[in-house]
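> Could you have a look at this structure, given as structure tokens, before my questions?
What follows draws every value from the coordinates through simple rules; no lab data is involved. All of these numbers come straight from a predicted model, not from anything done at the bench. Cβ atoms come from the backbone with ideal geometry, glycine included; neighbour counts cover every protein chain shown.
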Amino acid sequence: MGQQRRFNRREGAASAWRPLWLSSCLLLLLNLVSASSIIPGSDLFSFSTSSSDDFYQLADAVAGIAPQIYVDSNDLPGVLRVAGDLATDFGRVLGGTLNATVVKTDWGSLSGGKSTKSAATAGRAAESRPVIVLGTVGVSKILDGIAASGLLSSTLSSIKGKWETYVYQVVENPWPGQDKALVIAGSDLRGTVFGAYGVSEQIGVSPWYWWADVPSAQRTNIAVHRGGNSSSVFGPPSVKFRGIFFNDEAPALTGWGHANFKNSQYGSPFITDFYKHAFELILRLRGNYLWPAMWSSMFYLDDAQNGPTADLYGIFMGTSHHEPMARADKEQDRFLKGSWDWRSNKAGVQAFMREGATRSRNWSTMYTLGMRGSGDAASATLTSASLEEVIHWQQATLVTELGRPLSEIPQQWVMYKEVPGYWQNGMNVSDDVTLLWSDDNRGNIRRVPIANETARRGGSGMYYHFDYVGDPRNYKWINTIQLQKTWEQMTLAYHRGVQNIWLVNVGDLKGLELPTAHIMALAWDVPSFDDATNTGQWLTEWCGRQFGPTAAENASAIMTTYGMLVARRKYEDLSMTPFAFDTTNYDEARRNYAEWEQLAVQAQTLYDDDSRVPAAAKNAFFELVLHPVLAGKTVFEIYTKAALATKYASEHRASTNNLARDVQTAFSTDQALKKRYHTLLGGKWNHFMDQTHLGYNNWQEPGSDSIPKVTTLGSGAATGGILGVAVQGSTGVYPTAASLTLGTVTPYTPVDGQRWIDLFLRNNGTVAYRIVSNASYVTVSNAQQTLTSTSPDLRALISVDWTAAPSGRSAASLTISSDDAGSSAATVLVPLDKTPVPADFHGHVEADGVVSIEAAHHDAVSAANSSYISIPNYGRTHSGVRLPPLTPSQEPGKGPVLVYPFYTFSTASAPSLTVYLSPSENSNPTHPNRYAFSIDGADGNAAGVTVVQPVPLANAGNEPSGWSSAVVAGAYVKTSKLSGSLAPGKHVLRVWLLEPTMVVTKLVLDVGGLKASTLGPLESVQV
């Protein structure tokens, strides 16, 4: 939605699901179309040099005009601080020495009352300089004074008492001698801060100007829309507490910190000079919450100013899931008397916890309640009863130490790992604590609120991961997050009542800037993202703001593809055996790596084009786009070519050793990319990307990067001649086999599945070959060539002239002869099937014994009470389909159904249906994920419907059977045998998703030809 006049959008969250365009069409902002942007405040500002009565000019670089920022001297300290940032940001975009200035004054000085010399001087300056008034409702007397004249009274009343809400309004004659002023008013400290940083972002200063080196836009003129004294309101946010967690922060973030900040007395570099950068970024992203680095750090002790500075900025500080009562894990090691055990050392643990509350009571703090074992592990002694006792004592202690009612104390109990098991056993704890649920550490929500959990005063939250250390593998190097998956899971959580806290583990932050920006934007305004296409829209807008408008669409497309490629396999998981992508079936390994190669070319081409990525934006583009793409391509090259080398060696290809050398070269490239990152901007980001990522052999990271074992070809000569022949989809090879057979070719064979023959050298040397077809309508490329040591492999592509080919089933024969005296001719059989489908059929057509369908390519949707949502660019291959989040459980064979007409040529005696699903968990344990399907059944008729529960239920706190394989592969894959046979002809597959907590991505009908693979066969042709 972006800019629109709106009030509490969280109040509307429980309303009936409705298309976003329906509500947004009813809303206008300052006479502008409101739905043009997702980023709040877009289109409020103009940077044209032409003057207009519709705009109030704030700056003119040519004329040397920059605004003065008026702030009440007695406003909140955090507001006085951010006024300076706003002034600096005007200087960033205006360039040179032209800066905005901050005037700290009072209403009496402005209105003609009691004055001082400095205030009088400021008043005279205001006559010739544009003015911005920055203030907090109920605190700023300047706002009160302007409102007393009637100019702002209704505007300020509309946001008074609201959470983190801000408003922009241009007012006429705010005080004597000043004709106009842009008022930025906040309902509270963070509302005012967000209003200031919102202007900064709109005039061209990215929240990532420091953390990702995004250049500020250069402006000669800045004007704000006047709108006839109407105002634009932003907030309250959709999610009350929105924050990040610096976790798993070694070696990268910690090494960088040691190189750039003074170590504390305890050896930590995470002091106030570091956290100021973190606090500012969080606020510029409209967040308000932080879990600090904790592996070897103690936030409140590493720097005595850490706590007060967080409070000054307006950041709520918390501690992680196993650090209760605002005390760090490392404090237990140093200061706890006795063991970390409630049963055997209750007095010691209580004294330790009480100190945390006492120390932080004057600051903005979110208190973690509950308790786990020492060192982020499950406790061996805690029970539900004793944990209930822990929480009761903690809450009573907070009331005593803070002197406030429990309902006014932010508090969370993190439902992480084993903890939900305690809760499920039945515990009586105050409703004031937020139940902070968790994902499975791999982006799949484990639980949404159910039953009476939805009515808790403290509400629910979500602890989500973009980085993790633990089973099945660590992933903490660079971004492996698909934005569409984040959108799908977190909007599900939001609409199911998870609206009080969103906290995301961002690891080192560098390398995860994009998904961090996305989830923070989503948390601020979930309804703006209610349409499944909004993530793509947001990404394009975001790229435009970081790199410039000429790069926006291309950069967005690159990172969308990147998200799909990493959804197939995280880098750290690629060392698992066997290799993830099949080197024979469906050309899977080659096709996957080819997509990486193409993406790298696209990213490099865009980076090199100065007309689209200007010089000032090159560093940011490298950090946010080019580096992850090149780094990802390089890692996939290493593992893919190592796997292909094994296959090539079995075929005795002379080029096997070329692949081995390519792997070594790619490993060197990987190291060179890290060095390039380290030397960027004179070493600003040295030590980031230090994380090992190659050569995992268990869940924990290896001590150093290493390449997989690569098969090479020995010096022994191959027997049977120098020429080798292999064909698509077969492990057979000539001369071991004199005759090879390709898969059947039909007019409906997918274009990307074009049949091929590989001709290759089996020894070093030279050989000329010739391919002759016995059918004029079957031809091949590279029909007559010479293989040499510099060109040891050639591929011949099969083409069929279907207008000349005979009807029905037939076969052509290709004879391959060579000048190799030691070999005979090879024969390749090419089965053909020219059987047409009826003219009145519309749907997917079988090829090679399978019908493969991307879930979004359904024929029709039968909408009973709701309809399905197609999520573009979701999952591993194309898209996803789900029910709206608030859809109730569905009955098999009834309600909204996905309809997939298909046509088969084969007689299938044992057909089966394989359904590919997102690795979503049974996040509502009372209604586990299920789907139903039928072949050739009737809509609304439950007869003949098969019901499948793809994910077994698990005990609370545990993962379901098959979880590890599913999250590594990025999909639950469920195959169901069909009853009876399936005759050739027209058929209809109907699929019902019975729960809104699951997403289907692909469906494959096996009618006799399905082969093993990770991603499944290419999608069948749709006619």
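> For Thr877, Thr669, Thr454, what ranking results if the residue with the fewest other Cβ atoms within 10 Å of its Cβ goes first?
Least crowded to most crowded, the residues run Thr454, Thr669, Thr877.
> Could you tell me which of Tyr903, Ala847, His878 has its Cα farthest along the dipole of segment 795-907 towards the positive end, charges placed at Cβ (Lys, Arg +1; Asp, Glu -1), taken about the Cα centre?
The listed residue farthest towards the positive side: His878.
> Moving on to the next point. Just the number: Rg to Rh for segment 533-713, Cα atoms, Kirkwood Rh, two decimals.
1.00
> So what's the angle, to the nearest 10 degrees on a 0 to 90 scale, between helix 384-402 and the longest Cα principal axis of the chain?
30 degrees
> Any chance you could check the Cα centroid distance between segment 281-357 and segment 399-444 for me, in angstrom?
Here the answer is 16 Å between Cα centres.
> Ok, one more. Could you work out the mean projected area of the convex hull around the alpha carbons of segment 844-1006, in square nanometres to one decimal?
Result: a mean projected hull area of 9.4 nm².
> Using only the Cα atoms of segment 304-345, each taken as one equal point scatterer with no solvent, compute I(q) by the Debye sum, divide by I(0), and report log10 of the ratio at q = 0.19, 0.20 Å⁻¹.
Treating every Cα as an identical point scatterer, log10 I(q)/I(0) equals -0.69, -0.73.
> Please name which of Leu512, Gly563, Ala196 has its Cα lying farthest along the dipole of the chain towards the positive end, using unit charges on Cβ (Lys, Arg +1; Asp, Glu -1) and the Cα centre as origin.
Checking the options against the dipole of the chain, the answer is Ala196.
> List the trypsin sites (Lys or Arg not before Pro) in segment 798-879 that DSSP assigns to loop (not H, G, I, E or B) and whose Cβ has at most 16 other Cβ atoms within 10 Å. Which are they?
In loop regions of segment 798-879 (DSSP not H, G, I, E or B), there are no sparsely surrounded trypsin sites (Lys or Arg not before Pro).
> Which residues does the label zone of Ser964 cover in segment 547-575, counting backbone N under 15 Å from a point 7 Å along Cα→Cβ?
Counting backbone N atoms under 15 Å from the label point, the list is 573-575.
> State, as an integer percentage, the relative contact order of segment 723-834 based on alpha-carbon contacts under 8 Å between residues 6 or more apart.
31 percent.
> Set the bar at 20 Å for Cα to Cα. Now go through Lys476/Lys675; Lys510/Lys675; Lys276/Lys618 and name every pair that lies beyond it.
In this structure, Lys276/Lys618 lie more than 20 Å apart at Cα.
> Tell me the angle of helix 534-547 to the major Cα principal axis of the chain, expressed in degrees between 0 and 90 and rounded to the nearest ten.
On a 0 to 90 degree scale, this one is about 70.
> Separate question: Against the longest principal axis of the chain, how steep is helix 552-568, in degrees 0 to 90 to the nearest 10, with axes from Cα atoms?
Result, in degrees: 60.
> Could you list the square roots of 5 times each eigenvalue of the Cα gyration tensor of segment 792-833, that is, the equivalent ellipsoid semi-axes, sorted largest first and rounded to whole Å?
27, 13, 7
> Moving on to the next point. What lysines could a cross-link reach from Lys1002, if we take a straight Cα to Cα line under 16 Å and drop same-chain neighbours fewer than 8 places away?
Lys485, Lys974, Lys1011
> For the residues Arg795, Arg446, Arg612, Arg359, what sequence is obtained by ranking on other C-beta atoms within 10 Å, fewest first?
Ranked by crowding around the Cβ, least crowded first: Arg795, Arg359, Arg612, Arg446.
> With +1 on the Cβ of every Lys and Arg and -1 on the Cβ of every Asp and Glu, and nothing else charged, how large is the dipole of segment 870-946 about its Cα centre, in debye rounded to the nearest 20?
The calculated dipole for segment 870-946 is roughly 160 debye.
> Continuing with the same structure: Taking +1 at the Cβ of each Lys and Arg and -1 at the Cβ of each Asp and Glu, which of Gly1016, Thr1001, Ala983 sits farthest along the dipole of segment 951-1023 towards its positive end, judged by Cα position relative to the Cα centre?
Checked the options; the winner is Ala983.
> Also, I was wondering about something else. If you average the C-alpha positions of segment 686-759 and of segment 606-661 separately, how far apart do those two centres end up, in angstrom?
First find each Cα centre; the distance between them is then 17 Å.
> Give, rounded to the nearest 20 debye, the magnitude of the charge dipole that the chain has about its Cα centre when Lys and Arg contribute +1 at Cβ and Asp and Glu contribute -1 at Cβ.
Dipole of the chain, to the nearest 20 debye: 760 debye.
> How far is the Cα center of segment 125-174 from the Cα center of segment 178-227, in Å?
16 Å
> Limiting things to C-alpha atoms, what are the Rg and the maximum Cα-Cα separation (Dmax) for segment 723-834, in angstroms?
Computed over the Cα atoms of segment 723-834, radius of gyration and Dmax are 13.9, 44 Å.
> Turning to a different aspect of this structure: Fewest Cβ neighbours within 10 Å first, please rank His927, His844, His322 accordingly.
Ranking His927, His844, His322 by Cβ neighbours within 10 Å, fewest first, gives His927, His322, His844.
> Run the dipole for segment 891-1010 about the Cα centre, Lys and Arg Cβ at +1, Asp and Glu Cβ at -1, nothing else charged, and hand back the magnitude in debye, nearest 20.
Here the size comes out at about 200 debye.
> Here's something else I'd like to know. Residue by residue, what Karplus-based ³J(HN,Hα) values in Hz, rounded to whole numbers, does segment 584-592 have, using 6.51, -1.76 and 1.60 with θ = phi - 60° and x for Gly and Pro?
In residue order, the calculated couplings are 10, 6, 6, 6, 4, 4, 5, 5, 4 Hz.
> Beyond 24 Å, how much of the Cα-Cα pair distribution for segment 548-645 remains, as a whole percent?
Result for the distance tail: 27 percent.
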